[in-house]
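The values are calculated or read from the model by the stated rules, or taken from the named source; none is laboratory data. Please read these numbers as outputs of a predicted model, since none were measured by experiment. Ideal geometry is used to build each Cβ from the backbone, glycine not excepted, and the neighbour counts take in all protein chains shown. Surface accessibility is based on the protein's heavy atoms, side chains included, excluding ligands, DNA and RNA. Shrake-Rupley method; radii C 1.70, N 1.55, O 1.52, S 1.80 Å.
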Amino acid sequence: MDAKTKDLWVFIETKEDGSPLSVGLELLNPGRALAGKQGGRLVGAVIGCHTDEAVKAAGEYGADQIVVVDGEEYKEYSTDAYTAALFYLMEKYAPTTMLIGATPNGRDLAPRLSCRLNTGLTADCTNLDVDEESGNMAWTRPAFGGNLMATILCPDHRPQLGTVRPGVFKKEKPFKAVEAEVIRESFVFPKENIRTMVLEKIREAAGELVDLENAEIIVSGGRGVGGPEGFKTIKRLADVLKATVGASRAAVDADWIGHSHQVGQTGKTVGPKIYIACGISGAIQHIAGMSSSDCIIAINKDPDAPIFSIADYGIVGDLFEVVPALAEEIEKARGV
């Protein structure tokens, strides 16, 4: 498919109540700069049911134009209906680039869409830019098991498609006062053509619900924690700071803590105000998931640990001495 415009589109994924998921609004942030570099507009694509809240948010977070498909058949995500609707929009408007959040639904939708459009897809990107020489999107993602970062171009096909993990980019506060142009498309997908349906939803136990992506402070433990008992030390500091407990893959693979706490390439991508890494060496797979944090504090007894190369503050010492002392001093400062 040839691009008819230089516009950059962002898929604004919605919940069942029609409100937007955070990742779509996050992607409008880099989308503004990228659309400017490509010489086009920033367009939000909203698909769902009763989507007024998502449409309003997309405009407030920077979209110049919003294209909407709204209907009862889109209340719950389905591969058939959503792929058909977005394919229809892509063929009609033919943008040059499309960003999709790497949520479970986004990871299902994006490859299906790329096949229909006969274009490439770069998955799980951690950085986005425009190549100055060619004008193509430069998609950066971990490669070879996360041991290096690869930058990928798609010079021959349009649109250029990429998925980006939630939390890679920060969602700015609503800022746009001028209302975006809203185009409502009538695309009806027959319900009888939807081949799958949700029969039952099983919620995780309350104790396992871990909201790493929206946490302002995260205290994470790695291999240096030494075992499940070591996470009690981590949790005490987290409790004092009213923080969320995170973990490296090594700690999760060792069964010291649940996967819902994992930060990194195979876990959650996070960007809190403060990230405290305790006993984490700093493998590239972990750094890919937390390097966008505002302030990174590393505690490790190995002065040559790679984590110190990205840390704003580093403490070389035994975490079982440093972490309790840190928690105690914070309690004293707060008069606890």
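Here are the numbers:
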{"quantity": "Residues of the stretch 64-108 satisfying the condition of being hydrophobic (A, V, I, L, M, F, W, C) and in a helix (DSSP H, G or I)", "calculated": "ALA81, ALA84, ALA85, LEU86, PHE87, LEU89, MET90"}
{"quantity": "Odd one out for VAL252, checked against (1) open to solvent by 20 Å² or more (accessible area, probe 1.4 Å); (2) free of Cβ contacts under 8 Å to residues at least 24 places away in the same chain", "calculated": "(1)"}
{"quantity": "Residue that is nearest to ILE152 (Cα to Cα), among those in the stretch 104-113 that are in contact (Cβ under 8 Å) with a residue 40 or more places away in the chain and open to solvent by 10 Å² or more (accessible area, probe 1.4 Å)", "calculated": "ARG107"}
{"quantity": "ALA94 vs. criteria closer than 19 Å to LYS15 by Cβ and touching a residue at least 40 places away in the same chain (Cβ under 8 Å)", "calculated": "no"}
{"quantity": "Hey, THR126 touching a residue at least 24 places away in the same chain (Cβ under 8 Å), buried (at least 19 other Cβ atoms within 10 Å of the Cβ) and hydroxyl-bearing (Ser, Thr, Tyr) or not", "calculated": "yes"}
{"quantity": "Number of positions in the stretch 47-63 that are over 21 Å from ALA94 (Cα atoms), part of a helix (DSSP H, G or I) and open to solvent by less than 20 Å² (accessible area, probe 1.4 Å)", "calculated": "2"}
{"quantity": "Every residue from the stretch 131-153 that is part of a loop (DSSP other than H, G, I, E, B) and open to solvent by 20 Å² or more (accessible area, probe 1.4 Å)", "calculated": "ASP131, GLU132, GLU133, SER134, GLY135, PHE144, GLY145, ASN147, LEU153"}
{"quantity": "Exclusive hit being open to solvent by 10 Å² or more (accessible area, probe 1.4 Å) and touching a Phe, Trp or Tyr at 6+ places or on another chain (Cβ under 9 Å), set TYR74, TYR93", "calculated": "TYR93"}
{"quantity": "Every residue from the stretch 166-185 that is part of a loop (DSSP other than H, G, I, E, B) and either surrounded by 13 or more Cβ atoms within 10 Å (Cβ to Cβ) or touching a residue at least 24 places away in the same chain (Cβ under 8 Å) (or both)", "calculated": "PRO166, GLY167, VAL168, PHE169, LYS170, LYS171, GLU172, PRO174, PHE175, LYS176, GLU179, ALA180"}
{"quantity": "Index of the failed condition, ASP2 passing every other in (1) touching a residue at least 40 places away in the same chain (Cβ under 8 Å); (2) open to solvent by less than 20 Å² (accessible area, probe 1.4 Å)", "calculated": "(2)"}
{"quantity": "Filtered residues of the stretch 6-29 (kept if under 12 Å from the mean Cα position of the chain (by Cα) and of a type in the set (Val, Ile, Thr))", "calculated": "VAL23"}
{"quantity": "Qualifying residue in the stretch 270-283 (condition: β-branched (Val, Ile, Thr), out of contact with any His (no Cβ under 9 Å at 6 or more places or on another chain), under 20 Å from SER309 (Cβ atoms) and open to solvent by less than 10 Å² (accessible area, probe 1.4 Å))", "calculated": "yes"}
{"quantity": "Of all residues making up the stretch 13-31, the number that are buried (at least 22 other Cβ atoms within 10 Å of the Cβ) and more than 21 Å from SER292 (Cβ to Cβ)", "calculated": "1"}
{"quantity": "Positions within the stretch 274-317 being at pLDDT 90 or above, under 24 Å from ASP124 (Cβ atoms) and not aliphatic (A, V, I, L, M), in sequence order", "calculated": "TYR275, SER281, GLY282, HIS286, SER293, ASP294, PRO306, SER309"}
{"quantity": "GLY44 being surrounded by 19 or more Cβ atoms within 10 Å (Cβ to Cβ), in contact with a strand residue (DSSP E or B) (Cβ under 7 Å, 6 or more places away or on another chain) and modelled with pLDDT under 95", "calculated": "no"}
{"quantity": "Condition check for LEU42: touching an Asp or Glu at 6+ places or on another chain (Cβ under 8 Å) and either in contact (Cβ under 8 Å) with a residue 60 or more places away in the chain or not aromatic (Phe, Trp, Tyr) (or both)", "calculated": "yes"}
